[in-house]
Amino acid sequence: MQWTDRIRQVKIVLVAAAVLLAVVSLFVSQYLVRDLSIEERNKMEVWAEAMRSFNNADENTDLNLVLKVINENNTIPVIVMDKNNHASTFRNLNISGVDYEDSLRNATVKGQAMLRAGNAIKIYLDEETKSDFINVCYDDSIMIKRLSWWPYIQLGVVMVFVVIAIFALLTSKKAEQNKVWVGLSKETAHQLGTPISSLMAWTEILKETYPEDDLLPEMDKDVKRLQLIADRFSKIGSMPELAPASLNEVMRHVVEYMNRRTSAKVKMVTEFPEDDIIAQINPQLFEWVIENLCKNAVDAMEGEGTITLTTLMEPGKAVVEVADTGKGIRKKDLHTVFTPGFTTKKRGWGLGLSLAKRIVEEYHKGRIFVKYSELGKGTTFRIELKN
């Protein structure tokens with residue numbers, strides 16, 4: 001649970017940092033865009049005044065300054081509209097047509113859109129009568145448009161890096177978990193091997209010495225059980241071999257094992273079809289999965305209730321379900337029940353369901369999930385194997 005919480009906190013911090021960076025960038029860009037827009041409008045007012053001076057020029061007007069102002073505008077798109085809202089000229093715009101007159105007609109449409117947007121400066125050609133005027137329509141320059149889009153591009157880039165960082169974090173953790181699984185499994189199998197061999201030898205000696213002793217068969221079962229556990233751990237450390245096996249038989253072994261190790265208050269119910277179900281599995285490991293689910297069910301029922309084991313065939317897959325009448329799982333925990341370290345028990349490592357998921361999905365290429373769970377009523381786990 002601690003690692004899960006840490007991963008969740010890292011994700012929240014990364015996403016929060018990305019959002020904060022984007023918001024700050026957005027505000028800064030908006031201030032820059034606003035200041036540049038004001039500056040460009042001031043430039044357009046000067047440019048519009050230069051146009052008025054050019055239109056009203058006589059033999060005494062110095063046109064050098066006027067033409068310099070007009071020709072220096074190489075960035076701001078501008079369309080000059082007459083009083084009838086028809087374009088008379090345009091600048092810094094890629095407007096094409098069959099001929100110049102056709103281009104002016106296309107510019108008229110765009111200029112009228114600028115007028116409606118309020119991006120226009122009215123210049124009276126005759127200040128006294130104010131009967132004749134032009135509208136200098138303009139649009140944002142390419143620089144302002146790029147600045148307007150920059151925060152969103154930056155947010156996208158930051159989010160991509162956040163996703164990559166989270167993916168790398170999860171991948172590295174998964175690789176680390178795999179190494180831990182393999183190392184722990186091999187070491188456990190190795191450590192169990194010597195005492196199990198010794199116990200098997202002593203059991204054979206006791207059989208020869210006390211052939212009529214009733215306890216020896218039970219001891220022999222326990223030693224074989226330890227041998228099975230060691231064999232399971234050795235298979236976890238490498239890719240196990242799969243072979244056609246009876247799911248019903250595997251489930252019956254689990255029922256037999258659980259009946260010997262649980263109280264009479266726990267009732268094991270089986271629902272198997274008449275025809276045996278054969279699936280590509282490793283019996284020892286798959287049996288371990290069902291045992292883990294049953295042990296969790298016993299804990300969830302606090303030692304009293306019913307566990308129902310079901311096998312069935314569906315199109316293209318074999319299905320196993322383990323249902324209990326326990327306390328159920330909270331909705332917020334459903335997506336983390338298979339996470340290593342997750343447990344609701346005061347004592348426990350929280351590795352049983354994680355191990356089950358690894359065996360089913362990585363070794364058997366199947367799927368395991370919580371089919372149903374309701375607080376106070378119970379939980380049903382479902383395993384699907386390709387057939």
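Structure data summary
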read-out	value
Selection from segment 13-48 of residues that are under 34 Å from the mean Cα position of the chain (by Cα) and surrounded by 14 or more Cβ atoms within 10 Å (Cβ to Cβ)	L14, V15, A18, V19, L21, A22, S25, L26, S29
Residue count for segment 90-117, restricted to those that are farther than 23 Å from M143 by Cα, open to solvent by less than 60 Å² (accessible area, probe 1.4 Å) and of a type in the set (V, I, T)	1
Residue list for segment 142-163, restricted to those being within 30 Å of M81 (Cβ to Cβ) and either more than 39 Å from the chain's Cα centre (by Cα) or without any contact (Cβ under 8 Å) to a residue 24 or more places away in the chain (or both)	K145, R146, W149
Residue in segment 56-66 that is assigned to a helix (DSSP H, G or I), exposed (fewer than 15 other Cβ atoms within 10 Å of the Cβ) and modelled with pLDDT of 70 or more present	no
Scope segment 77-116; condition within 24 Å of K145 (Cβ to Cβ), assigned to a helix (DSSP H, G or I) and out of contact with any strand residue (DSSP E or B) (no Cβ under 9 Å at 6 or more places or on another chain); matching residues	R116
Residues located in segment 353-371, provided they are in a strand (DSSP E or B) and without any contact (Cβ under 8 Å) to a residue 40 or more places away in the chain	R367, F369
Every residue from segment 243-299 that is farther than 18 Å from A318 by Cα, free of Cβ contacts under 8 Å to residues at least 12 places away in the same chain and not in a helix (DSSP H, G or I)	A264
Pairs where the first residue, in segment 11-39, is among the aromatic types (F, W, Y) and the second is surrounded by 14 or more Cβ atoms within 10 Å (Cβ to Cβ), C-beta under 9 Å, 6+ apart	F27/P151
Candidate set from segment 118-138 (those that are touching a strand residue (DSSP E or B) at 6+ places or on another chain (Cβ under 6 Å) and open to solvent by 80 Å² or more (accessible area, probe 1.4 Å)); member that is nearest to M81 (Cα to Cα)	K122
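The values are calculated or read from the model by the stated rules, or taken from the named source; none is laboratory data. Everything numeric in this text was worked out from a predicted model, so none of it was measured. Glycine gets a Cβ as well: all are built from the backbone with ideal geometry, and neighbour counts include every protein chain shown. Keep in mind that these areas ignore ligands, DNA and RNA; they rest on the heavy atoms of the full protein, side chains included. Shrake-Rupley method; radii C 1.70, N 1.55, O 1.52, S 1.80 Å.
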